[in-house]
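> The structure's right below; bear with me while I get my questions together.
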Amino acid sequence: MLGWLWDQLAAPVLGRLGLTGHPRDQEWPRVWWCTSGLLSFLPLHAAGHHHTCHDAVPATVLDRAISSYTPTVRALIHARRPLPEPVPHRQEPHIVAVAMTHTPPALDPSGEDISLNDLPGAKEEVGHLEAHFPGRVRPLIDLRATYATVTEALPACRWAHFACHGMADLADPSASRLFLHDHRTRPLTVLDVTRLHLDGAELAFLSACETSRPGDLLPDEAIHLASAFQLAGYRHVIATLWPIDDTAAADLTDDIYGTLAANGDRLNPARALHDAVLGLRALNLNSPRIWASHLHTGA
């Protein structure tokens, strides 16, 4: 599939843009993909014949440009608006980290319980955040990660990290959700997120399954958790197209936040994600299921 996407779509686009080789020591170019229809389900950012990644002219998107997505051009313009000045008494902490290592069972349409796997890597992801940004993280783990505590914490923090289960509702994408401790009585859905209106928000990292998967009835509408967080005010959103591996997700989180911490005020989540994915691909070249799931949406 990645090879077909390269041959039919990505290669002609990058060729037209003049992105015909590896940037090497030059500044990496940025590309924003605005997909529609069934193409929204596919990892265009990972298109390519990845056995060529070490060639002089690699036939992959990853080795030629940094990819981002945007649901519309207007959304991209909105994501680039100037940030308001931080409120002094809200400077610390500036990251809310939500982690669900154990999640109560979900309900299927018939009302039966569906058990959800434990996620030991979720707490590990919070640990990576605290190691890279000591004293700046507000952790909400397991019992503390409720709808009320999370929605109360989000307006006070510029960054949000979610390490939990997620579910895309293909029939009703507005009901796609993140599973918090009290999700059986008060789920955190796409509709809930879009109503937050967070002017000072910068980065939302949705380290959960299917957080960028649209619905199958109206895929052109780009209704999913990633677009909801962008609509709520986050300029950068890192999300996933399909279920992710718990261990790989923790490693990727560590790499991304390590890069962001090293860059100080020069916030570039798209580049941080791109570099982390390159590292993960190097270890799992023949398993794109592991390294191609994450994408960046926004500025």
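> Give the stretch 178-196 a look and list any residue that's within 18 Å of ALA153 (Cα to Cα) and in contact with a Pro (Cβ under 9 Å, 6 or more places away or on another chain), or say none.
Matches in the stretch 178-196: LEU178, PHE179, LEU180, HIS181, ASP182, HIS183, VAL190, LEU196.
> PRO58 is checked against (1) free of Cβ contacts under 8 Å to residues at least 40 places away in the same chain; (2) surrounded by fewer than 18 Cβ atoms within 10 Å (Cβ to Cβ) and fails just one. What number does that condition carry?
(2)
> Residues in the stretch 152-187 that are part of a loop (DSSP other than H, G, I, E, B) and among the aliphatic types (A, V, I, L, M): how many?
4
> For the stretch 51-78, name all the residues that are of a type outside the set (Ser, Thr, Tyr), outside any strand (DSSP E or B) and touching a helix residue (DSSP H, G or I) at 6+ places or on another chain (Cβ under 9 Å).
CYS53, PRO58, ALA59, VAL61, LEU62, ASP63, ARG64, ALA65, PRO71, ALA75, HIS78
> The conditions are (1) under 18 Å from ASP275 (Cα atoms); (2) modelled with pLDDT of 95 or more, and GLN8 fails exactly one of them. Which is it?
(1)
> Here's a follow-up. Restrict the check to the stretch 162-176 and report whether at least one residue is open to solvent by 10 Å² or more (accessible area, probe 1.4 Å), among the aliphatic types (A, V, I, L, M) and without any contact (Cβ under 8 Å) to a residue 24 or more places away in the chain.
yes
> Across the stretch 10-50, what is the total count of residues that are open to solvent by 50 Å² or more (accessible area, probe 1.4 Å), outside any loop (DSSP other than H, G, I, E, B) and not charged (D, E, K, R)?
Final tally of qualifying residues: 5.
> Something else: Among the residues of the stretch 99-136, write down those that are surrounded by 14 or more Cβ atoms within 10 Å (Cβ to Cβ), part of a strand (DSSP E or B) and modelled with pLDDT under 95.
ALA106
> Looking at (1) within 14 Å of the chain's Cα centre (by Cα); (2) open to solvent by less than 50 Å² (accessible area, probe 1.4 Å); (3) of a type outside the set (Phe, Trp, Tyr), which is the only condition HIS183 fails?
Evaluating HIS183 over (1) within 14 Å of the chain's Cα centre (by Cα); (2) open to solvent by less than 50 Å² (accessible area, probe 1.4 Å); (3) of a type outside the set (Phe, Trp, Tyr) leaves (1) as the failure.
The values are calculated or read from the model by the stated rules, or taken from the named source; none is laboratory data. Computed from a predicted structure; not experimentally measured. Note that we place each Cβ from the backbone using ideal geometry, even for glycine, and neighbour counts take in every protein chain shown. Heavy atoms of the whole protein, side chains included, go into the accessibility calculation; ligands, DNA and RNA do not. Shrake-Rupley method; radii C 1.70, N 1.55, O 1.52, S 1.80 Å.
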